[in-house]
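Notes follow the structure.
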Amino acid sequence: MMLDINPMTDEDDFSLFRNSITGAREFKQDTVRFKKTVKPQTGELLSEQTKQHQSEFYFSDEYIPDIDTHGTVNYVRPGADKYLAKQLRRGDFAPELMLDLHGLNKDRAKDELAALIHACKKQHYYCACIVHGIGERVLKHKVPQYLVQHPDVLAIHQAPLEYGGKGAVLILVDLPQSDEFRR
């Protein structure tokens with residue numbers, strides 16, 4: 001079926017349209033559109049508040065533990081097996097989670113450390129790697145000092161080269177049913 005297009009019909013349509021809008025005038029747009037603000041869901045807000053509370057509760061800048069942060073970082077919680085630090089050094093434990101703190105300040109790093117330990121406990125991960133970098137050496141000294149204060153950290157040791165060497169530490173987290181999940 002072919003359509004017959006008549007050029008006169010198009011011109012008739014335009015003139016009919018022009019006649020129908022005679023007397024019309026341009027109007028000023030007076031509609032105000034507000035930007036929607038995205039509010040965090042209550043669950044996200046609660047978890048952010050929990051992270052901040054945990055980091056404020058566990059990690060103090062005023063407390064300076066008796067560990068050497070200028071050499072090889074090595075710590076085992078009192079009452080835990082002293083052999084854990086050697087196992088971390090040798091690479092017997094592979095980290096199941098990694099946290100990169102490059103570019104973060106101390107307060108943000110504390111929040112992320114608290115979140116990492118919480119995630120390890122929630123997902124039953126025994127070993128984690130925290131990459132703090134070397135840079136100005138602020139986080140290199142502060143991260144081990146913060147971790148020693150947390151009650152769920154069993155051991156800390158400078159990471160082997162494959163996980164970051166002097167710019168990272170490996171931690172072991174005390175799990176609720178730790179014997180079941182240790183590898």
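Once you place label points 7 Å from the Cα toward the Cβ at Arg25 and Asp107, how far apart are they in nm?
5.7
Suppose we take every Cα in the range 72-173 and form the convex hull; what volume per residue is that in Å³?
Given the Cα convex hull of the range 72-173, per-residue volume reads 87 Å³.
Too long at a 22 Å Cα-Cα cut-off: which of Lys106/Lys140; Lys110/Lys140; Lys106/Lys166; Lys86/Lys110?
Pairs exceeding 22 Å: Lys86/Lys110.
How much FRET efficiency would the formula 1/(1 + (r/R0)^6) give for Asp61 and Lys82, where r is the Cβ-Cβ distance and R0 is 30 Å, rounded to 0.05? All intermediate terms of the calculation are to be shown ahead of the outcome.
Working: r = 28 Å, r/R0 = 0.94.
Rounded to the nearest 0.05, the efficiency is 0.60.
Multiplying the sequence separation of Lys35 and Lys166 by 0.36 nm and subtracting their Cα-Cα distance, what value in nm do you get?
Gain on stretching Lys35 to Lys166: 42.4 nm.
The numbers here are math on the coordinates, done by the rules we state, and not lab data. Nothing here was measured: the structure is a model prediction, and the numbers come from that model. Neighbour counts run over all protein chains shown; Cβ positions are idealised from the backbone, glycine included.
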